Amino acid sequence: MKTRCVFSTPNLIAARAAMSAAQQAGIDERDISLVAREDIELEQIPDHLMQGRNDFYPAALRGGACGGGTGLLLGLIAVTVPPLGVTLAGAAAMTLAGAVFGCWIGELVGFEVPDVVSRKFKSEIAAGRILVVIDARKEQLDVAEPAISRTGATPLPFHAHTALT
């Protein structure tokens, strides 16, 4: 499992230096992303380096899991009530329908909710700083964090396990 950590830099030049230090420490380029104020992102940061600014994918996963679990529970209850005539195939269909519906609702909600990094460090972003977000295994971070800090990037108090990586 990977852990996410965040560094703050004053500008794109410093962010690129931090990214380079992370890559030299063994962090894959796909595990490095940037978060900045929208006007800075649009003008200066290439699309492939920008992190999503919303909670879309995690919310879809949570919605799919909750909807699927609810569908499974309702399907199994329906199977145990003989007058309803629901078979195990019907329970499976209810599970699938619940997962699809939950995923859809989760996506709709998650699209409007800012991601956790943007929520936690909104004052840093509003001040025009660029956040360097690293997703890596603990042993990689143990090597990379000091190297990134030596570039002048400021480590921010954020370490969280990432479910999608």
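None of Ala22, Ala65, Ala59 is modelled with pLDDT of 85 or more and crowded, with 18+ Cβ neighbours inside 10 Å except Ala22. Selection within the range 25-41: residues that are surrounded by 16 or more Cβ atoms within 10 Å (Cβ to Cβ) and under 14 Å from Ala147 (Cβ atoms). The member of this set that is modelled with the lowest pLDDT is Ile32.
Here the helices (runs of 4 or more DSSP H) wholly within the range 69-130 that include at least 2 residues being under 30 Å from Ile32 (Cα atoms) and among the small types (Gly, Ala, Ser) are 88-112, 122-126.
If you go through the range 131-158 and keep only what is assigned to a loop (DSSP other than H, G, I, E, B) and more than 30 Å from Gly69 (Cβ to Cβ), you end up with Thr151, Gly152, Ala153.
Being of a type in the set (A, V, I, L, M, F, W, C) and touching an Asp or Glu at 6+ places or on another chain (Cβ under 9 Å) narrows it down to one of Ala65, Ala78, Ala147, Ala136, so name that one. Being of a type in the set (A, V, I, L, M, F, W, C) and touching an Asp or Glu at 6+ places or on another chain (Cβ under 9 Å) holds for just one of Ala65, Ala78, Ala147, Ala136, which is Ala136.
The values are calculated or read from the model by the stated rules, or taken from the named source; none is laboratory data. Here the structure is a predicted model, which is why all the values come from computation and not from measurement. Cβ sites come from the backbone with ideal geometry, for glycine too, and all protein chains shown count toward neighbours.
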